[in-house]
Amino acid sequence: MHRLSRRLFLAALATLAVATTSPSWAADKLKVVTTFTILGDMVRNVGREHVALTTLVGPDGDAHVYEPTPADARALAQADLVIVNGLGFEGWIDRLVEASGYKGPVVVASEGIAGIKAEEDQGQGHGDAHGSDEKSEKKKDHHEGELDPHAWQDLANGRLYVANIARALAAADTAHADDYRRRAEAYDRELVALDRDIRSRLDAVPGDRRKVITSHDAFQYFGRAYGINFHAPVGLSTESEPSAGEVAALIRQMRDEGIRVLFVENVTDPRLVQQLAREADAVIGGTLYSDSLSGSNGPASTYLDMFRHNASEIVKAFTT
Ligand SMILES: [Zn+2]
(Lines give C-alpha, C1' and ligand atoms only; values in the text may rest on other atoms or scores of the structure.)
Protein backbone atom coordinates (compact mmCIF):
# COMPACT_ATOMS: atom_id res chain seq x y z
CA MET A 1 0.00 0.00 0.00
CA HIS A 2 2.69 2.38 1.08
CA ARG A 3 4.95 1.29 -1.80
CA LEU A 4 2.17 1.65 -4.31
CA SER A 5 1.40 5.26 -3.36
CA ARG A 6 5.10 6.06 -3.46
CA ARG A 7 5.30 4.63 -6.99
CA LEU A 8 2.29 6.68 -8.06
CA PHE A 9 3.92 9.77 -6.60
CA LEU A 10 7.13 9.16 -8.56
CA ALA A 11 5.13 8.54 -11.73
CA ALA A 12 3.27 11.79 -11.22
CA LEU A 13 6.56 13.64 -10.74
CA ALA A 14 7.94 12.15 -13.95
CA THR A 15 4.84 13.24 -15.87
CA LEU A 16 5.14 16.72 -14.42
CA ALA A 17 8.82 16.91 -15.42
CA VAL A 18 7.96 15.92 -19.00
CA ALA A 19 5.16 18.46 -19.10
CA THR A 20 7.34 21.34 -17.85
CA THR A 21 10.29 20.58 -20.12
CA SER A 22 8.26 19.95 -23.27
CA PRO A 23 9.05 22.69 -25.81
CA SER A 24 5.37 23.18 -26.66
CA TRP A 25 4.69 24.22 -23.07
CA ALA A 26 6.72 27.44 -23.38
CA ALA A 27 6.11 27.87 -27.09
CA ASP A 28 2.37 28.27 -26.40
CA LYS A 29 2.98 31.48 -24.52
CA LEU A 30 3.30 34.93 -25.96
CA LYS A 31 6.86 36.11 -25.27
CA VAL A 32 6.63 39.69 -24.04
CA VAL A 33 9.52 41.95 -23.07
CA THR A 34 8.80 45.08 -21.02
CA THR A 35 11.37 47.69 -20.08
CA PHE A 36 10.57 48.22 -16.39
CA THR A 37 8.62 46.76 -13.47
CA ILE A 38 5.50 48.94 -13.67
CA LEU A 39 4.81 47.82 -17.25
CA GLY A 40 5.73 44.28 -16.24
CA ASP A 41 3.09 44.27 -13.50
CA MET A 42 0.44 45.57 -15.89
CA VAL A 43 1.29 42.88 -18.46
CA ARG A 44 1.16 40.22 -15.74
CA ASN A 45 -2.30 41.38 -14.68
CA VAL A 46 -3.70 41.30 -18.21
CA GLY A 47 -1.69 38.41 -19.66
CA ARG A 48 -1.25 36.00 -16.74
CA GLU A 49 -0.76 32.37 -17.90
CA HIS A 50 -0.84 33.26 -21.60
CA VAL A 51 2.33 35.34 -21.37
CA ALA A 52 6.02 34.56 -20.76
CA LEU A 53 7.28 37.87 -19.43
CA THR A 54 10.78 39.35 -19.31
CA THR A 55 11.27 42.73 -17.59
CA LEU A 56 14.61 44.37 -18.37
CA VAL A 57 15.05 46.82 -15.45
CA GLY A 58 14.20 44.93 -12.27
CA PRO A 59 12.73 45.96 -8.88
CA ASP A 60 14.20 49.20 -7.44
CA GLY A 61 16.14 49.68 -10.69
CA ASP A 62 16.64 53.03 -12.41
CA ALA A 63 15.58 52.90 -16.07
CA HIS A 64 16.91 56.41 -16.78
CA VAL A 65 20.53 55.31 -16.55
CA TYR A 66 20.13 51.61 -17.33
CA GLU A 67 22.78 49.86 -19.40
CA PRO A 68 21.38 46.91 -21.36
CA THR A 69 23.14 43.55 -21.16
CA PRO A 70 23.75 40.81 -23.76
CA ALA A 71 21.01 38.80 -22.02
CA ASP A 72 18.58 41.66 -22.72
CA ALA A 73 19.45 41.53 -26.42
CA ARG A 74 18.85 37.76 -26.43
CA ALA A 75 15.45 38.25 -24.74
CA LEU A 76 14.44 40.77 -27.41
CA ALA A 77 15.67 38.53 -30.22
CA GLN A 78 13.23 35.84 -29.05
CA ALA A 79 10.31 38.14 -28.19
CA ASP A 80 6.92 38.30 -29.90
CA LEU A 81 6.14 41.72 -28.46
CA VAL A 82 8.12 44.56 -26.86
CA ILE A 83 6.33 47.12 -24.64
CA VAL A 84 7.99 50.40 -23.63
CA ASN A 85 6.90 53.48 -21.68
CA GLY A 86 7.89 56.03 -24.32
CA LEU A 87 7.99 59.83 -23.66
CA GLY A 88 11.80 59.54 -23.80
CA PHE A 89 12.01 57.40 -20.64
CA GLU A 90 14.12 54.57 -22.07
CA GLY A 91 16.87 56.44 -23.92
CA TRP A 92 18.66 53.14 -24.58
CA ILE A 93 15.78 51.13 -26.12
CA ASP A 94 16.21 52.01 -29.80
CA ARG A 95 19.85 50.93 -29.80
CA LEU A 96 18.95 47.72 -27.96
CA VAL A 97 16.16 46.86 -30.42
CA GLU A 98 18.53 47.42 -33.31
CA ALA A 99 21.37 45.43 -31.76
CA SER A 100 19.05 42.50 -30.98
CA GLY A 101 17.69 42.14 -34.51
CA TYR A 102 14.12 42.18 -33.12
CA LYS A 103 11.69 43.02 -35.93
CA GLY A 104 8.30 42.75 -34.18
CA PRO A 105 6.08 45.52 -32.85
CA VAL A 106 7.36 47.99 -30.24
CA VAL A 107 4.27 49.14 -28.37
CA VAL A 108 4.36 52.50 -26.56
CA ALA A 109 2.23 52.10 -23.42
CA SER A 110 1.85 55.87 -22.94
CA GLU A 111 0.38 56.32 -26.44
CA GLY A 112 -2.48 58.86 -26.37
CA ILE A 113 -1.44 60.50 -23.09
CA ALA A 114 -1.05 64.27 -23.02
CA GLY A 115 2.48 64.48 -21.63
CA ILE A 116 3.43 67.25 -19.24
CA LYS A 117 6.05 69.46 -20.85
CA ALA A 118 9.25 70.00 -18.87
CA GLU A 119 8.62 73.75 -18.99
CA GLU A 120 5.32 73.46 -17.15
CA ASP A 121 6.52 71.10 -14.47
CA GLN A 122 6.36 73.55 -11.59
CA GLY A 123 3.22 74.79 -9.89
CA GLN A 124 1.11 72.06 -11.47
CA GLY A 125 -0.39 70.69 -8.35
CA HIS A 126 -1.88 73.48 -6.40
CA GLY A 127 -3.08 76.95 -7.16
CA ASP A 128 -1.46 78.84 -4.31
CA ALA A 129 2.11 78.08 -5.36
CA HIS A 130 1.45 78.80 -9.02
CA GLY A 131 3.67 81.66 -10.09
CA SER A 132 3.96 82.77 -6.47
CA ASP A 133 7.71 82.72 -6.54
CA GLU A 134 10.24 83.63 -9.18
CA LYS A 135 12.45 80.85 -7.89
CA SER A 136 9.95 78.16 -8.81
CA GLU A 137 10.57 79.15 -12.43
CA LYS A 138 14.14 77.91 -12.22
CA LYS A 139 14.86 75.05 -14.57
CA LYS A 140 17.20 72.16 -14.34
CA ASP A 141 18.74 71.02 -17.59
CA HIS A 142 15.42 70.77 -19.35
CA HIS A 143 15.52 70.81 -23.09
CA GLU A 144 12.97 72.75 -25.09
CA GLY A 145 9.89 70.60 -25.70
CA GLU A 146 11.08 67.72 -23.53
CA LEU A 147 8.21 65.69 -22.09
CA ASP A 148 8.04 64.37 -18.56
CA PRO A 149 8.12 60.55 -18.94
CA HIS A 150 6.63 59.66 -15.50
CA ALA A 151 3.04 59.48 -16.79
CA TRP A 152 2.28 56.29 -14.82
CA GLN A 153 2.20 58.40 -11.64
CA ASP A 154 -1.43 59.32 -12.41
CA LEU A 155 -3.90 56.43 -12.20
CA ALA A 156 -5.98 57.95 -15.02
CA ASN A 157 -2.91 57.52 -17.23
CA GLY A 158 -2.37 54.03 -15.82
CA ARG A 159 -5.81 53.12 -17.17
CA LEU A 160 -4.68 54.18 -20.65
CA TYR A 161 -1.46 52.16 -20.29
CA VAL A 162 -3.50 49.06 -19.43
CA ALA A 163 -5.89 49.61 -22.35
CA ASN A 164 -2.94 50.00 -24.75
CA ILE A 165 -1.26 46.89 -23.34
CA ALA A 166 -4.46 44.81 -23.59
CA ARG A 167 -4.96 45.88 -27.19
CA ALA A 168 -1.38 44.97 -28.07
CA LEU A 169 -1.60 41.54 -26.39
CA ALA A 170 -4.91 40.80 -28.16
CA ALA A 171 -3.45 41.79 -31.54
CA ALA A 172 -0.36 39.61 -31.02
CA ASP A 173 -2.31 36.62 -29.64
CA THR A 174 -5.82 36.69 -31.12
CA ALA A 175 -6.70 33.26 -29.68
CA HIS A 176 -6.79 34.79 -26.18
CA ALA A 177 -8.11 38.24 -27.11
CA ASP A 178 -11.28 37.78 -25.03
CA ASP A 179 -9.26 36.89 -21.93
CA TYR A 180 -7.06 39.96 -22.32
CA ARG A 181 -10.07 42.23 -22.78
CA ARG A 182 -11.94 40.79 -19.78
CA ARG A 183 -8.94 41.01 -17.49
CA ALA A 184 -8.13 44.54 -18.60
CA GLU A 185 -11.71 45.56 -17.78
CA ALA A 186 -11.51 43.99 -14.32
CA TYR A 187 -8.13 45.63 -13.69
CA ASP A 188 -9.49 48.95 -14.91
CA ARG A 189 -12.26 48.77 -12.30
CA GLU A 190 -9.58 48.31 -9.62
CA LEU A 191 -7.68 51.34 -10.89
CA VAL A 192 -10.83 53.49 -10.84
CA ALA A 193 -11.69 52.37 -7.30
CA LEU A 194 -8.15 53.04 -6.06
CA ASP A 195 -8.11 56.48 -7.68
CA ARG A 196 -11.31 57.37 -5.81
CA ASP A 197 -9.88 55.98 -2.56
CA ILE A 198 -6.64 57.96 -2.88
CA ARG A 199 -8.51 61.19 -3.58
CA SER A 200 -10.55 60.76 -0.43
CA ARG A 201 -7.47 59.86 1.66
CA LEU A 202 -5.52 62.87 0.42
CA ASP A 203 -8.43 65.11 1.44
CA ALA A 204 -6.93 64.86 4.93
CA VAL A 205 -3.89 66.90 3.84
CA PRO A 206 -4.39 70.63 4.57
CA GLY A 207 -4.50 72.70 1.39
CA ASP A 208 -1.84 75.23 2.30
CA ARG A 209 0.70 72.55 3.24
CA ARG A 210 0.61 70.46 0.09
CA LYS A 211 4.28 70.87 -0.81
CA VAL A 212 6.72 68.01 -1.01
CA ILE A 213 10.39 67.55 -1.91
CA THR A 214 11.51 64.36 -3.65
CA SER A 215 14.96 63.37 -4.99
CA HIS A 216 14.20 63.67 -8.70
CA ASP A 217 11.31 65.22 -10.59
CA ALA A 218 9.16 62.08 -10.92
CA PHE A 219 5.85 63.18 -9.37
CA GLN A 220 4.47 65.99 -11.55
CA TYR A 221 1.68 63.75 -12.89
CA PHE A 222 0.85 62.64 -9.34
CA GLY A 223 0.85 66.28 -8.24
CA ARG A 224 -1.41 67.41 -11.07
CA ALA A 225 -3.86 64.55 -10.44
CA TYR A 226 -4.07 64.85 -6.67
CA GLY A 227 -3.32 68.51 -6.00
CA ILE A 228 0.12 68.33 -4.42
CA ASN A 229 3.11 70.46 -5.32
CA PHE A 230 6.30 68.47 -5.84
CA HIS A 231 9.77 70.01 -6.03
CA ALA A 232 13.02 68.20 -6.69
CA PRO A 233 16.73 69.07 -6.65
CA VAL A 234 17.33 66.72 -9.59
CA GLY A 235 15.46 67.08 -12.90
CA LEU A 236 13.24 64.75 -14.90
CA SER A 237 16.07 62.28 -15.38
CA THR A 238 18.34 60.94 -12.65
CA GLU A 239 21.27 61.48 -15.02
CA SER A 240 21.70 65.13 -14.09
CA GLU A 241 23.17 66.49 -10.88
CA PRO A 242 22.17 69.83 -9.37
CA SER A 243 24.73 72.58 -8.95
CA ALA A 244 25.56 73.96 -5.49
CA GLY A 245 23.60 77.08 -6.46
CA GLU A 246 20.48 75.09 -7.33
CA VAL A 247 20.66 73.21 -4.04
CA ALA A 248 21.05 76.50 -2.14
CA ALA A 249 18.07 77.99 -4.01
CA LEU A 250 15.92 75.00 -3.11
CA ILE A 251 16.90 75.30 0.57
CA ARG A 252 15.90 79.00 0.48
CA GLN A 253 12.61 78.05 -1.18
CA MET A 254 11.94 75.42 1.50
CA ARG A 255 12.47 78.03 4.23
CA ASP A 256 10.49 80.77 2.43
CA GLU A 257 7.51 78.58 1.62
CA GLY A 258 7.62 76.48 4.77
CA ILE A 259 8.15 73.19 2.91
CA ARG A 260 8.57 70.68 5.73
CA VAL A 261 8.10 67.29 4.08
CA LEU A 262 10.78 65.45 2.12
CA PHE A 263 10.90 61.96 0.69
CA VAL A 264 13.70 59.75 -0.54
CA GLU A 265 12.99 57.43 -3.46
CA ASN A 266 13.61 53.75 -4.01
CA VAL A 267 15.58 54.40 -7.22
CA THR A 268 17.85 57.28 -6.19
CA ASP A 269 20.68 58.00 -3.80
CA PRO A 270 19.11 59.45 -0.59
CA ARG A 271 22.08 61.64 0.40
CA LEU A 272 21.00 64.83 -1.36
CA VAL A 273 17.55 64.75 0.25
CA GLN A 274 19.16 63.98 3.62
CA GLN A 275 21.37 67.06 3.16
CA LEU A 276 18.33 69.22 2.31
CA ALA A 277 16.49 67.96 5.39
CA ARG A 278 19.47 68.78 7.63
CA GLU A 279 20.07 72.23 6.22
CA ALA A 280 16.42 73.32 6.13
CA ASP A 281 15.69 71.63 9.46
CA ALA A 282 12.92 69.53 7.92
CA VAL A 283 11.96 65.86 8.22
CA ILE A 284 12.19 62.93 5.83
CA GLY A 285 8.74 61.37 5.55
CA GLY A 286 9.88 58.01 4.22
CA THR A 287 10.43 56.36 0.84
CA LEU A 288 8.29 56.95 -2.23
CA TYR A 289 8.33 54.51 -5.14
CA SER A 290 8.84 56.59 -8.25
CA ASP A 291 10.22 54.78 -11.30
CA SER A 292 10.21 51.18 -10.16
CA LEU A 293 8.30 48.75 -7.98
CA SER A 294 9.81 47.06 -4.94
CA GLY A 295 10.73 43.38 -4.84
CA SER A 296 7.96 40.92 -3.97
CA ASN A 297 8.62 41.28 -0.21
CA GLY A 298 8.55 45.10 -0.32
CA PRO A 299 5.61 47.46 0.21
CA ALA A 300 5.14 48.33 -3.48
CA SER A 301 5.49 45.12 -5.45
CA THR A 302 2.51 45.93 -7.71
CA TYR A 303 1.36 49.10 -9.46
CA LEU A 304 -1.72 49.25 -7.20
CA ASP A 305 0.37 48.72 -4.05
CA MET A 306 2.83 51.41 -5.16
CA PHE A 307 -0.01 53.96 -5.25
CA ARG A 308 -1.43 52.77 -1.92
CA HIS A 309 2.01 53.01 -0.33
CA ASN A 310 2.91 56.43 -1.77
CA ALA A 311 -0.47 57.95 -0.84
CA SER A 312 -0.25 56.54 2.71
CA GLU A 313 3.28 57.88 3.18
CA ILE A 314 2.24 61.36 2.00
CA VAL A 315 -0.86 61.49 4.17
CA LYS A 316 1.13 60.23 7.17
CA ALA A 317 3.89 62.84 6.67
CA PHE A 318 1.36 65.68 6.62
CA THR A 319 -0.89 64.54 9.41
CA THR A 320 1.54 63.35 12.09
ZN1 LIG B 1 12.42 59.22 -13.17
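If the condition is being open to solvent by 30 Å² or more (accessible area, probe 1.4 Å) and under 12 Å from the mean Cα position of the chain (by Cα), then segment 267-320 contributes 301, 302, 305.
For (1) at pLDDT 95 or above; (2) hydroxyl-bearing (Ser, Thr, Tyr), each residue gets a yes or a no:
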site: 280; (1), (2): no, no
site: 292; (1), (2): yes, yes
site: 298; (1), (2): yes, no
site: 306; (1), (2): yes, no
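Residues in segment 182-190: is at least one touching a Leu at 6+ places or on another chain (Cβ under 9 Å) and either farther than 24 Å from residue 160 by Cα or open to solvent by 30 Å² or more (accessible area, probe 1.4 Å) (or both)? Yes - at least one qualifying residue is present in segment 182-190.
Checked against (1) touching an Asp or Glu at 6+ places or on another chain (Cβ under 7 Å); (2) under 30 Å from residue 234 (Cα atoms), residue 61 meets all criteria but (1). Apart from one condition, residue 257 fits all of (1) in contact with a helix residue (DSSP H, G or I) (Cβ under 6 Å, 6 or more places away or on another chain); (2) more than 16 Å from the ligand (Cβ to nearest atom); the exception is (1). Among the residues of segment 224-241, those identified as within 14 Å of the ligand (Cβ to nearest atom), in contact with a Gly (Cβ under 9 Å, 6 or more places away or on another chain) and open to solvent by less than 10 Å² (accessible area, probe 1.4 Å) are 230, 236. In the condition set (1) in contact with a helix residue (DSSP H, G or I) (Cβ under 7 Å, 6 or more places away or on another chain); (2) farther than 20 Å from residue 62 by Cβ; (3) aliphatic (A, V, I, L, M), residue 168 is compliant with all but (1).
Conditions tested, residue by residue: (1) within 28 Å of residue 257 (Cα to Cα); (2) within 16 Å of the ligand (Cβ to nearest atom); (3) under 23 Å from the mean Cα position of the chain (by Cα).
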{"position": "147", "(1), (2), (3)": "yes, yes, yes"}
{"position": "154", "(1), (2), (3)": "yes, yes, yes"}
{"position": "166", "(1), (2), (3)": "no, no, yes"}
{"position": "173", "(1), (2), (3)": "no, no, no"}
{"position": "178", "(1), (2), (3)": "no, no, no"}
{"position": "188", "(1), (2), (3)": "no, no, yes"}
{"position": "191", "(1), (2), (3)": "no, no, yes"}
{"position": "195", "(1), (2), (3)": "no, no, yes"}
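Hey, could you check segment 36-95 for residues that are within 15 Å of the ligand (Cβ to nearest atom) and small (Gly, Ala, Ser) and say which is surrounded by the fewest Cβ atoms within 10 Å (Cβ to Cβ)? Once the filter is applied, the top-ranked residue is 91. Looking at segment 61-115, which of the residues that are part of a helix (DSSP H, G or I) and of a type in the set (Asp, Glu) is nearest to residue 155 (Cα to Cα)? My answer is 94. Against the test of being in a loop (DSSP other than H, G, I, E, B), surrounded by fewer than 19 Cβ atoms within 10 Å (Cβ to Cβ) and hydrophobic (A, V, I, L, M, F, W, C), the options 248, 193, 218, 204 yield a single qualifying residue, 204. Restricting attention to segment 37-57, the residues that are within 14 Å of residue 90 (Cα to Cα) and touching a helix residue (DSSP H, G or I) at 6+ places or on another chain (Cβ under 7 Å) total 4.
The values are calculated or read from the model by the stated rules, or taken from the named source; none is laboratory data. Bear in mind the structure is a predicted one, so any value in this text is a computation, not a measurement. Cβ sites come from the backbone with ideal geometry, for glycine too, and all protein chains shown count toward neighbours. Just the protein is used for accessible areas: all its heavy atoms, side chains included, with ligands, DNA and RNA removed. Shrake-Rupley method; radii C 1.70, N 1.55, O 1.52, S 1.80 Å.
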